[in-house]
Amino acid sequence: DTERVILEIEKDTGSHNGGEMFFGINDGFIYLSLGDDRTPEKSQDMTILPGKHVRIDVDTGDDDIPYLIPEDNPFLDLEDARPEIYGLGLRNPWTCTQDSGDAETGEDRGRMICADVGQSWCEEMDIMIPGGNYAWVEKECHFCYPPDPPEDPEVCDEPSVSPGEEVLPIYWYTEWAGDQSVTGGHFYRGSAFPDYNGDYFWADWKIRDH
């Protein structure tokens, strides 16, 4: 009886849902990563939320107002764009995480990485920035999509994507025959292994048993 619906997102399929949701440690806003609903063109469609990184403020002080739009969300002035959008061009981001930062200096506090599952050629990790466009469906990692010929992807400089700032993966790796799917991970900020302080640890999921 105490449930309060904050946001509902219409989907057409049961996959490419995306994943992580958390409160930003610097601003207290909710960040939510959403997959493309297995419909690639949705990732660049600014009128809907699938395929996007979303940022909203749920500290409204009024149960009748589910959430507010942060005043510095990057696409507030873009006609017909959903104001909740913080970034776009995602395919199927599983785990997004934020860095708590160096305990002494606060360096890197709040930086975010999303692990985005590829279509057929590569898996990628992306640093999330306001207004970032991660280029799906024009690109998969830095390859043209779809590749032409299909068995021979090429590095793609054009076409550039719009709106937003095109962001290339901070790290990517090739998959083989579609048999793996990046899951993502977390930043290490413990004291037991100081040499790893600030490093990002991640894993993937082997889809087939070979």
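Worth a mention:
- Stretch in the chain that is longest and holds no trypsin sites (Lys or Arg not before Pro) that DSSP places in a loop and that have at most 13 other beta carbons within 10 Å: 5-207
- Top positive-direction residue, dipole computed over the chain with Cβ charges, set 2, 70, 129: 2
- Residue 69 accessible area, 1.4 Å probe, all protein chains in place, Å² to nearest 10: 50
- For segment 18-122, the square roots a ≥ b ≥ c of the C-alpha gyration tensor eigenvalues yield an a/c of 1.5 or more together with a/b not exceeding b/c, which makes the shape oblate.
- Applying the criteria of a DSSP loop state and at most 12 other Cβ atoms within 10 Å to the GluC sites (Glu not before Pro) of segment 62-129 yields 71, 79, 104, 107.
- From the coordinates of this entry, P(r) over Cα pairs in 10 Å bins from 0, in percent is computed, and it appears in (1) 7, 19, 14, 13, 12, 10, 8, 6, 4, 3, 2, 1, 0, 0; (2) 8, 29, 28, 16, 11, 7, 1; (3) 8, 32, 35, 19, 5, 0 under the label (3).
- Spatial offset of segment 107-130 relative to segment 142-156 amounts to 21 Å, using the alpha carbon center of each.
- The order of the peptides 126-138, 22-34 by mean Cβ neighbours within 10 Å, most packed first, is 126-138, 22-34.
The values are calculated or read from the model by the stated rules, or taken from the named source; none is laboratory data. A quick note: this is a predicted structure, and the numbers were derived from the prediction, not measured. Here Cβ is always computed from backbone atoms with ideal geometry, including for glycine, and neighbour counts include all displayed protein chains. For accessibility, only protein heavy atoms count, side chains too; no ligands or nucleic acids. Shrake-Rupley method; radii C 1.70, N 1.55, O 1.52, S 1.80 Å.
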